[in-house]
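Worksheet: one structure, shown below.
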Amino acid sequence: MTVDSSAQPKVTVADAARAWQRLRAAVAEAVVGGDDALRLLAIALLAEGHALIEDVPGVGKTLLARAFARALDLEFGRVQGTPDLLPTDVTGTSILAPATSPGDGSLTLRFVPGPVFTNVLLVDEINRATPRTQSALLEAMQERQVSIEGATRPLPDPFVVLATQNPIEYEGTFSLPEAQLDRFLVRIRIGYPDRAAEARIAGRYLAEHDPLERVVPVLDRAALLGLREAARQVHVSAELTDHVVAIVAATRERPDIELGASPRASVALFRAAQANALLDGRDFVLPDDIRSIAPAVLVHRLRLSVDSALHGLSVEGAFAEMLAGIAVPLPAGPAARRGTDQAG
């Protein structure tokens, strides 16, 4: 579905910063201590990407996804990953139904949309679904459409997949293939809350049945599409564009990384850096916008060599070491100087 950007309201960087603060406040009504994860969700949405939320059970993955959709006033759909889940359970199917003319007894095929026809699709425990069902999401995630029974059907705009998986449980699961992982713009890890935050979480559930009911919409679809267009307009200097490419290229050159990041990852890091800057109320990207978001954008796309894994090296550690060895570009040229002046 093509969106006419000229029809969207003009959004300034100040508007974007205020919208982000409203979103944080709204989601915080239900989710305690989820700012970092929420920021990555917002970046994925503004960069027209998807998010893989990978963490142990019980840390609030589903609650965060539902609160995020509710605060944005977006339609929400959910799929529970199970081994018996079929592709048509996700995309939809055609059924025989009575024709429009009553009483003639004739039947016709009527398409019943699946849960993928929504704005925010939560795929809970995606790695419990079979590879066949996982692959049904590939076209939806990349093309924003699904092909069913010879017909191509566009998905609503915006459309974002938030998939969760448990990284420590492997029985009855199917690892996501590299092609699927490459479609996720960011990987998010929430982590355990500290003791004070956990006490607040317990207190909320003692005081009320469902904290999600306290989340109210703070943005609408038109404002969200305006923010997305504003993210596309954030300036990235030539030096920082080269920096994005240098980081991605370095993942292919390390001997301890068997599979490096793809050109799709370069685009993802570029777009994520633009969204990152916009949330901070800037219309230009700084080096830290790229470097701070790079692990979330790139690490899940990499595969460590067998020898390195046997020696106890982690892909996170290899990436951190690699990133530390890449020089931060210095401002050069009028556009970069403008960004430096404004940042100061």
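Go through Val267, Val306 for me and flag whichever is of a type in the set (A, V, I, L, M) and modelled with pLDDT of 95 or more.
Going through Val267, Val306 in turn, just one is of a type in the set (A, V, I, L, M) and modelled with pLDDT of 95 or more: Val267.
Among (1) modelled with pLDDT of 85 or more; (2) among the aliphatic types (A, V, I, L, M); (3) exposed (fewer than 12 other Cβ atoms within 10 Å of the Cβ), which single condition is Leu185 missing?
(3)
Looking at region 259-284, I want the residues that are farther than 13 Å from Ala296 by Cα and have a partner that is among the basic types (Lys, Arg) and surrounded by fewer than 20 Cβ atoms within 10 Å (Cβ to Cβ) with Cβ atoms under 6 Å, at least 6 apart or on another chain. Which pairs are those?
So the pair list comes out as Leu259/Arg303; Gly260/Arg252.
Select the strands (runs of 3 or more DSSP E) contained entirely in region 48-156, then report the ones holding at least 2 residues which are surrounded by fewer than 21 Cβ atoms within 10 Å (Cβ to Cβ).
76-80, 92-98, 107-113, 145-148, 151-154
Out of all the residues in region 181-203, which are of a type in the set (Val, Ile, Thr) and within 18 Å of Ala140 (Cα to Cα)?
Listed by number, the list holds a single entry, Val186.
Can you say whether Val146 is farther than 30 Å from Ala28 by Cα and in contact with a strand residue (DSSP E or B) (Cβ under 6 Å, 6 or more places away or on another chain), as far as the supplied structure shows?
Spelling it out, Val146 is indeed farther than 30 Å from Ala28 by Cα and in contact with a strand residue (DSSP E or B) (Cβ under 6 Å, 6 or more places away or on another chain).
Would it be correct to say that Arg187 is within 27 Å of Gly34 (Cβ to Cβ) and out of contact with any His (no Cβ under 9 Å at 6 or more places or on another chain)?
So Arg187 fails the test.
The values are calculated or read from the model by the stated rules, or taken from the named source; none is laboratory data. Here the structure is a predicted model, which is why all the values come from computation and not from measurement. All Cβ positions, even for glycine, are placed from backbone atoms using ideal geometry, and neighbour counts span all protein chains on display.
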